[in-house]
Amino acid sequence: MMMRALFRNAILAAAALAATACVSTSDIQKLQSQISDLQDQVASLKRTAAGKEEVQNVNVRIAEQTQTLLKSNATLVTKVDSIEDRLNNNQGSVEQTNYRVDRLVQQLTQAQHDVEELRASLARATAPPAATTTTPGTPTGVITSSSEVTVAPDTTENPTALYQAALRDYQRGNYDLAIAGFRDFVAKFPKSDLTDNAAYWLGESLYSQKKYRDAILQFDSVVTDYPTSDKVPSALLKKGYAYIALGEKAQGIVQLQYVVHEHPKSPEAAKARDELKRLGVETR
């Protein structure tokens, strides 16, 4: 509207000059200058209008992109919440599984002790009865004079009694006595069914005293001297623990991996996998 008014004024001024017929050169130049100024103003207004339109377009695009980002953010938050829920559920399952594994390990340990007791009882039941002497003509069951009574053998010479005594010392934490007892048993009864067990518990006693080097050597003897013993997986496992306790992590990992590879379905393999996982080592 303003531009139209300016043009109209310019036209009216030109008409007035023409009507008076007194048009000079300066008047014409002045009129041309006014027209040029008007043209400049028209061009400036056009540019301003175009700039405003461009700004409006930019604002529209920003608004659209903002809406898109807000939607993406909402979707991302939903996915993160879903992942957290799954992680929480998995963590609960892992904790429950670990609890069950611990219970099973405890039950297995108790079962092993029960088996030890049963084997010792069986060995005691099958041992020949102690011989007694009687005077000819003396009724059975009647003890003769003290000079004719056979002294009962020392309990330390009874393999079952010696083994049980050493095992009780271990369970009570009397490791020095347990070590002496198990060593005595292995030396005196190398062919007994309980010898491999005694050799293993000797290693456990040393391990409990944190004599890890001595324990490793003892566990090695279990594996070497009694390769078919059911104590071999446990000996290998504790050997790995001993190396780790000494700070020799690489050697300990090798031992634990050997347990998993050679005895994959044993309870000791499960313990080895847990320890390897704790150390950051992947196992199959």
To make sure I understand the rule: partners must be lysines, Cα under 23 Å from the Cα of Lys271, and not fewer than 8 residues away in the same chain. Which ones qualify? Lys210, Lys211, Lys231, Lys238, Lys239, Lys249
Under 30 Å Cα to Cα from Lys30, which lysines show up? Leave out anything in the same chain fewer than 8 places away. Lys46
Express in Å², to the nearest 10, the accessible area of Thr283 obtained by rolling a 1.4 Å probe over the protein heavy atoms while all chains stay in place. 50
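Just the accessible area per residue of the stretch 190-280, please: how many Å² with a 1.4 Å probe?
Values: 4420 Å² over 91 residues.
Counting only protein heavy atoms, the per-residue value for the stretch 190-280 is 49 Å².
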Based on Cα positions only, what radius of gyration and what Dmax would you give for the stretch 199-284, in angstroms? 11.9, 33
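What order do you get for 254-264, 193-203 when each peptide is scored by the mean count of other beta carbon atoms within 10 Å, highest first?
Numbers: 254-264: 17.5, 193-203: 23.1.
Put in order of decreasing packing, that is 193-203, 254-264.
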Let a ≥ b ≥ c be the square roots of the eigenvalues of the Cα gyration tensor of the stretch 26-84; is it rounded (a/c under 1.5), or, if not, prolate (a/b larger than b/c) or oblate? prolate
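About the Cα centre of the stretch 170-220, how large is the charge dipole given +1 on each Lys and Arg Cβ and -1 on each Asp and Glu Cβ? Please answer in debye to the nearest 20.
Values: 7 positive and 7 negative charges, 29 e Å.
About 140 debye.
So if each residue of separation counts as 0.36 nm, and I subtract the Cα-Cα distance between Ala180 and Leu217, what length gain in nm does that give? Before the final figure, lay out the partial values.
On the way: separation 37, 0.36 × 37 = 13.32 nm, distance 1.63 nm.
Length gained between Ala180 and Leu217: 11.7 nm.
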In nm, spacing of pseudo-spin labels at Gln39 and Gln65 (7 Å Cα→C-beta vector): 4.0
Separation of the Leu279 and Thr228 label points, Cα + 7 Å toward Cβ, nm: 3.1
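Assign one of three labels to the stretch 159-252, namely rounded, prolate or oblate, based on the Cα gyration tensor with a ≥ b ≥ c the square roots of its eigenvalues; rounded applies when a/c is under 1.5, prolate when it is not and a/b is larger than b/c, and oblate otherwise. Write down the numbers at each step before the final one.
Details: a/c = 2.51, a/b = 1.43, b/c = 1.75.
Note, shape of the stretch 159-252 comes out oblate.
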Can you spot the lysines whose alpha carbon is less than 24 Å from Lys79's alpha carbon? Ignore those fewer than 8 places along the same chain. Lys71
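The values are calculated or read from the model by the stated rules, or taken from the named source; none is laboratory data. Because the structure is predicted, anything quoted here is derived from the model rather than measured. Cβ: placed from backbone, ideal geometry, glycine included. Neighbour counts: every protein chain shown. Ligands, DNA and RNA are excluded from the accessible area calculation, which covers all protein heavy atoms including side chains. Shrake-Rupley method; radii C 1.70, N 1.55, O 1.52, S 1.80 Å.
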